[in-house]
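Chemist: So that we are looking at the same thing, I have put the structure below in C-alpha cells.
Derivation of every value follows stated rules applied to the coordinates shown; laboratory data play no part. Predicted model only: the values in this text are computed from it and were never measured. For neighbour counting, all protein chains shown are included, and Cβ atoms are generated from backbone atoms with ideal geometry for every residue, glycine included.
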Amino acid sequence: MNIRTEAWKGLRLAVMPRQTLIAFSRQFVIAAAAASFLVVMAPPLLVPANAHEFSAKTVRVSHPWLRATPPGAKVGAAYLEISASAEGGDKLIGASAEGIAGRVEIHTHEHAGDVMKMRQLDALPIEAGKSVVFAPAGHHLMLLDLVRPLEEGDLIALTLNFEKAGAIAIEASVEPIGAKGPHGMDHQPGHEHDGHDMKQDHKH
Ligand SMILES: [Cu+2]
C-alpha cells in the first residue's frame, strides 16, 4: 500500500458520509411518514392507553377492577374511574358483561337515614375536564345474574356504553373479596377519601 492509495481512500471516506447522511435522512423521512400514517390509521376505539386505561373520543376509563365473589353469589360489583378530557363531556348510558352477567346496572350508594342504600342510575354524566370515581361505598357497576363466580386473578371483559364515545371495551381485574382498590391498593386511584367505610352489601 502506498501513500497515494491511502490518501485516496481518505478522500473517499471524507466524501462518503455526506451521501450516507442524505440517504439516511431520506429513510428517516419515509419512516416518520409511515409512523404518522400508522398513528392516523390506528382504530379510535378500544385502544388501551396502557394495561389499565381504555379510551375513546374524550373519555378515559382507568383502573377497572371487580371484587371476587363467593361461590353461588349472583351479584358482583365493578369499580373504575371515568374521566372526560377538557374537549368535551360525555354520559355513561349503560354497561354489559357478555358471558359473565345477565345484566349490568349503574348504581350509586346514598344515605337513607342511618343506612346506605343502593340506587340505580339511568345514566351518569361525566363533565368535561372532570372525572367520576366508582369505588366501594360509592358508585359502582352492578353485575346481576352472574353466570359464574368472579375469581381472584381473572380478567373480566366489560363494555361501557357512552352517549358520544360509543362502546368502550375494557378488561377489569378481579381482586380479593373485601379488596378496597385494585392491585392491592387500599382505595380506588383518583378517589378522594371521605373517611367512611361501609359494609359491603349487594343484596337487593
Ligand atoms: Cu349495587
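Chemist: Which far-off residues, 5 or more places away or on another chain, put their amide H under 5 Å from the one on Lys91, with H placed in the peptide plane?
Modeler: Ile126, Glu163, Lys164, Ala165
Chemist: Under the rule of at least 5 residues apart or a separate chain, name every residue whose amide H is placed under 5 Å from the amide H of Leu146.
Modeler: Residues meeting the criterion, in which the H sits 1.01 Å from N, are Val75, Gly102.
Chemist: Expected output is a single nm value to one decimal: the length gained when fully extending between Leu155 and Glu110, i.e. 0.36 nm times separation in residues minus the C-alpha distance. What is it? Please report the intermediate quantities before stating the final value.
Modeler: Values: separation 45, 0.36 × 45 = 16.20 nm, distance 2.91 nm.
That pair, Leu155 and Glu110, stretches by 13.3 nm at full extension.
Chemist: Let me ask you something else. Could the peptides 176-187, 155-166, 110-121, 75-86 be put in order, highest first, of the mean number of other beta-carbon atoms found within 10 Å of their residues?
Modeler: 75-86, 155-166, 176-187, 110-121
Chemist: What length, rounded to one decimal in nm, is gained on full extension from Lys164 through to Arg119, with 0.36 nm per residue of separation minus their alpha-carbon distance?
Modeler: Using 0.36 nm per residue and subtracting the Cα-Cα distance, I get 13.8 nm.
Chemist: By its C-alpha gyration tensor, with a ≥ b ≥ c as the square roots of the eigenvalues, how is region 154-193 shaped: rounded for a/c under 1.5, else prolate for a/b larger than b/c, else oblate?
Modeler: oblate
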